[in-house]
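Chemist: This is the structure I have questions about; it appears just below.
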Amino acid sequence: MTTTVDGGAATAWISEFARLVAENKDLLTHLDAAIGDADHGTNMDRGMTAVTAALAENAPASPAEVLKLTGMRLVSTVGGASGPLYGTAFLRMATAAGPGPSLDPGEFAKALRAGLDGIVARGRAEAGDKTMFDALSPAADALDAAVASGASLRDALAQALRAAEAGRDSTIPMLARKGRASYLGERSVGHQDPGATSVTMLVAAAAATLGG
Ligand code: ADP
Ligand code: MG
């Protein structure tokens, strides 16, 4: 049982995210077909397949190295909006994680928050724009609050996952104001955002693999 996130745990987290993306590739593409260009599943799966191969080849030792490699591979293999957004998020997480061998719950929450800030710096999304922000932001808030109240990493991530799922579902009635979906105007209403769906898988992967 580990209550910190070391390089092995970070690798397990990213590997589980890759597995979830592969398993749900068709769902993500189907969601993007409704309000975008039907490539979010293939984009993310291409990127995470490359990340998985790079992790196996390099066996990075620290969480920061795992996150940096993930961000760099995503930037180089995923086009569109989501490549630079996810890439920036992981690179910012890597910087926030610092050079140490492991992250305690507070440090992990800080890293996730830095990733969210990177997405905002890159894409300028605000709450209610119908993007990945609408799932990741409430997840980061829930994680911060749970960690501040002394919850274990495991319990804090369970709360973060519930918040991400609620945020993802909240995108359905939203009118898109960022990305391709915004070109649809009112016709974007009534569809779940693909990026909010994939980023919820990132939180689900953390809840499934981190914190013992
Ligand atoms: P593209 O839109 O270029 O085809 P993807 O289909 O891979 O790229 O990703 C679409 C997702 O990217 C959207 O569902 C949304 O969550 C996210 N997205 C798009 N623009 C932004 C933005 N400016 N800020 C945050 N997320 C965004
Ligand atoms: Mg797309």
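Readers should treat all values here as calculations from the given coordinates under stated rules, not as data from a laboratory. Fair warning: this is a prediction, and the values are worked out from it, not measured in the lab. Here the Cβ positions follow ideal geometry from the backbone for every residue, glycine too, while neighbour counts run over all protein chains shown.
Chemist: Residues being under 26 Å from ASP37 (Cα atoms) and either within 13 Å of the chain's Cα centre (by Cα) or buried (at least 21 other Cβ atoms within 10 Å of the Cβ) (or both): count how many of those fall in the stretch 61-80.
Modeler: Going through the stretch 61-80 one residue at a time, the tally reaches 5.
Chemist: Related question: Between a first residue in the stretch 185-200 that is over 21 Å from GLY83 (Cβ atoms) and a second residue that is crowded, with 21+ Cβ neighbours inside 10 Å and of a type in the set (Gly, Ala, Ser), which pairs have beta carbons less than 6 Å apart while being 6 or more apart in sequence or on different chains?
Modeler: Matching pairs, first to second residue: SER188/ALA176; SER188/ALA181.
Chemist: Across the stretch 16-28, which residue is nearest to ligand 1 (Cβ to nearest atom) among those that are free of Cβ contacts under 8 Å to residues at least 60 places away in the same chain and either crowded, with 16+ Cβ neighbours inside 10 Å or among the small types (Gly, Ala, Ser) (or both)?
Modeler: LYS25
Chemist: A further question on this structure: Of the residues ALA176, ALA146, ALA163, only one is surrounded by 16 or more Cβ atoms within 10 Å (Cβ to Cβ) and either over 25 Å from TRP13 (Cα atoms) or touching a strand residue (DSSP E or B) at 6+ places or on another chain (Cβ under 8 Å) (or both); which?
Modeler: ALA176
Chemist: Still on this structure: Which ones in the stretch 140-191 are within 25 Å of MET93 (Cβ to Cβ), within 14 Å of ligand 1 (Cβ to nearest atom), part of a loop (DSSP other than H, G, I, E, B) and not charged (D, E, K, R)?
Modeler: Of everything in the stretch 140-191, those that are within 25 Å of MET93 (Cβ to Cβ), within 14 Å of ligand 1 (Cβ to nearest atom), part of a loop (DSSP other than H, G, I, E, B) and not charged (D, E, K, R) turn out to be THR171, GLY179.
Chemist: Which members of the stretch 82-108 meet the condition of being more than 12 Å from the chain's Cα centre (by Cα), surrounded by 24 or more Cβ atoms within 10 Å (Cβ to Cβ) and closer than 19 Å to ALA160 by Cβ?
Modeler: ALA97, LEU103, PRO105, PHE108
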